[in-house]
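Visitor: Pasting a structure here, questions to come.
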Amino acid sequence: MSAPIFRDPIEDGAADPVVVRREGTDEWWMFYTNRRASVDEPGFGWIHGSPIGVAVSQDGGASWAYRGTVKGLDAPGDDGLNTHWAPEVVFAEGQYHMFLSYITGTPTHWKVPRTIVHFTSPDLETWTRVGPLKLSSSNCIDACVFPSPDGQWRMWYKDEAQGSSTWSATSPDMMNWTLEGLVLPGSPDAPPHEGPNVFDIGGHYWLIVDEWRGQAVYRSDDTLHWTRQGLIADDPGTNPMDQRYARHADVVVNGDHAAMYYFTHPEWDERVQTEGPPDVAARRTAIHQARLTVVNGVLTCERNVAAGAALLV
């Protein structure tokens, strides 16, 4: 139970998954940050230089096959190895949209500009660059996009320059974005966090964020005002590879339940080694799935779901 559903076969560093159905088919595509877990470089070099990996399921998420990496995402003039993180992929306004966290080059430290860059595609395979978004700072990552009941497309994202907080922007057409403002404060006023994800199930809207100790849950009736519920996926799963905190999750709703895709560092004891993964083994990651349901207005998480469960059927 709760065994990994996918490991990257090249670098073994699959993280930040997002899952989207390919329109007109039964295929589900998983895009993920392909961290270079096997690279022993100084500082944080191993977490940079990552492409976006792709895995595809044709059986409702019961099994996943590696499909390579996404090409053509580098900025013009950025020759060499660049950093691609945490893609958000949605189908809207007649095409697919990717909002990619992008860093020029492969820095060994955190103090570099980060931008969210917009791409479009007709088929999930060929991507056309629209361009970077102008948001609340030059250190914005981890976009999530969802249609709000006020008729706007709304983007939630992490602003690392402002305490690792969550901010929002809006668009009427997925192409033109306007900064909206702060949604969830970060340090020093509240827990810092990343990886916002918004979805609706059980008659409410939900926002989850990764607090690096589990997923914090917020509930809303309008996607504008959020009330904190608590943490989910903070307790370990039963499988030996799923004993760590659930990190940077994506949620796909399927009727009265939802599939939550998240990653763990199976060989890094984050409660003890708080400064980060100390070696190559600890940097390796695995993608898992959990089942979410709403019980009496509370979002609940069943982490111990079999790896072969088809939650998207």
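The values are calculated or read from the model by the stated rules, or taken from the named source; none is laboratory data. This one's a predicted model, so the numbers in the text were calculated from it and none came from an experiment. So basically every Cβ, Gly included, is an ideal-geometry build from the backbone, and we count neighbours across all protein chains shown. All accessible areas refer to the heavy atoms of the entire protein, side chains included, with ligands and DNA or RNA removed. Shrake-Rupley method; radii C 1.70, N 1.55, O 1.52, S 1.80 Å.
Visitor: Give me the pairs, please: first residue somewhere in region 156-178 and touching a residue at least 40 places away in the same chain (Cβ under 8 Å), second residue anywhere and part of a loop (DSSP other than H, G, I, E, B) and not hydroxyl-bearing (Ser, Thr, Tyr), beta-carbon distance under 6 Å, and either six or more positions apart or on two chains.
Guide: Met174/Glu93; Trp177/Leu133
Visitor: Hey, which of the strands (runs of 3 or more DSSP E) in region 114-177, taking only ones fully inside, have at least 1 residues that are of a type in the set (D, E, K, R) and modelled with pLDDT of 95 or more?
Guide: The strands (runs of 3 or more DSSP E) meeting that bar are 128-132, 140-147, 153-159.
Visitor: List the residue pairs whose Cβ atoms are under 7 Å apart, where the first residue sits in region 212-239 and is more than 17 Å from Ile201 (Cβ to Cβ) and touching a residue at least 12 places away in the same chain (Cβ under 8 Å), the second is of a type in the set (Lys, Arg) and open to solvent by less than 40 Å² (accessible area, probe 1.4 Å), and the two are 6 or more positions apart or on different chains.
Guide: Pairs found: Gly237/Arg303.
Visitor: Could you check, for region 138-159, whether at least one of its residues is more than 30 Å from Ile201 (Cβ to Cβ) and either open to solvent by 70 Å² or more (accessible area, probe 1.4 Å) or basic (Lys, Arg) (or both)?
Guide: No: region 138-159 contains no residue that is more than 30 Å from Ile201 (Cβ to Cβ) and either open to solvent by 70 Å² or more (accessible area, probe 1.4 Å) or basic (Lys, Arg) (or both).
Visitor: Next question, about the same structure. Going through Ala249, Ala281 one at a time, which residue ends up being under 30 Å from Phe91 (Cα atoms) and aliphatic (A, V, I, L, M)?
Guide: Among Ala249, Ala281, only Ala249 is under 30 Å from Phe91 (Cα atoms) and aliphatic (A, V, I, L, M).
Visitor: From Val130, Val198, grab the single residue that is within 13 Å of Thr223 (Cβ to Cβ) and among the aliphatic types (A, V, I, L, M).
Guide: Val198
Visitor: In region 15-54, which residue that is assigned to a loop (DSSP other than H, G, I, E, B) and open to solvent by less than 10 Å² (accessible area, probe 1.4 Å) is farthest from Pro122 (Cα to Cα)?
Guide: Ala37
Visitor: Residue check: is Thr108 part of a strand (DSSP E or B), open to solvent by 10 Å² or more (accessible area, probe 1.4 Å), touching a Pro at 6+ places or on another chain (Cβ under 6 Å) and of a type in the set (Ser, Thr, Tyr)?
Guide: no
Visitor: Output the residues belonging to region 216-240 that are of a type outside the set (Ser, Thr, Tyr) and in contact with an Asp or Glu (Cβ under 9 Å, 6 or more places away or on another chain).
Guide: Of everything in region 216-240, those that are of a type outside the set (Ser, Thr, Tyr) and in contact with an Asp or Glu (Cβ under 9 Å, 6 or more places away or on another chain) turn out to be Ala216, Asp222, Leu224, Leu231, Asp234, Pro236.
Visitor: Still on this structure, please answer the following. Return the residues of region 74-92 that are within 18 Å of Ala259 (Cα to Cα) and among the acidic types (Asp, Glu); say none if nothing qualifies.
Guide: Within region 74-92, just Glu88 meets the criteria.
Visitor: In region 126-137, which residues are aliphatic (A, V, I, L, M) and either surrounded by fewer than 16 Cβ atoms within 10 Å (Cβ to Cβ) or without any contact (Cβ under 8 Å) to a residue 12 or more places away in the chain (or both)?
Guide: Val130
Visitor: Does Ser171 satisfy the criteria of being more than 30 Å from Pro236 (Cβ to Cβ), open to solvent by 10 Å² or more (accessible area, probe 1.4 Å) and hydroxyl-bearing (Ser, Thr, Tyr)?
Guide: No: the conditions fail for Ser171.
Visitor: Which residues, counting only those in region 33-73, are touching a Ser or Thr at 6+ places or on another chain (Cβ under 9 Å) and closer than 19 Å to Tyr262 by Cβ?
Guide: Of everything in region 33-73, those that are touching a Ser or Thr at 6+ places or on another chain (Cβ under 9 Å) and closer than 19 Å to Tyr262 by Cβ turn out to be Thr33, Asn34, Arg35, Ala37, Ile47, Ser50, Ile52, Gly53, Val54, Ser57, Ser63, Trp64.
Visitor: In the set Gly77, Gly68, which member is surrounded by fewer than 16 Cβ atoms within 10 Å (Cβ to Cβ) and in a strand (DSSP E or B)?
Guide: Gly68
Visitor: Would you confirm whether or not region 85-100 contains a residue that is in a loop (DSSP other than H, G, I, E, B) and at pLDDT below 95?
Guide: Looking through region 85-100, at least one residue is in a loop (DSSP other than H, G, I, E, B) and at pLDDT below 95.
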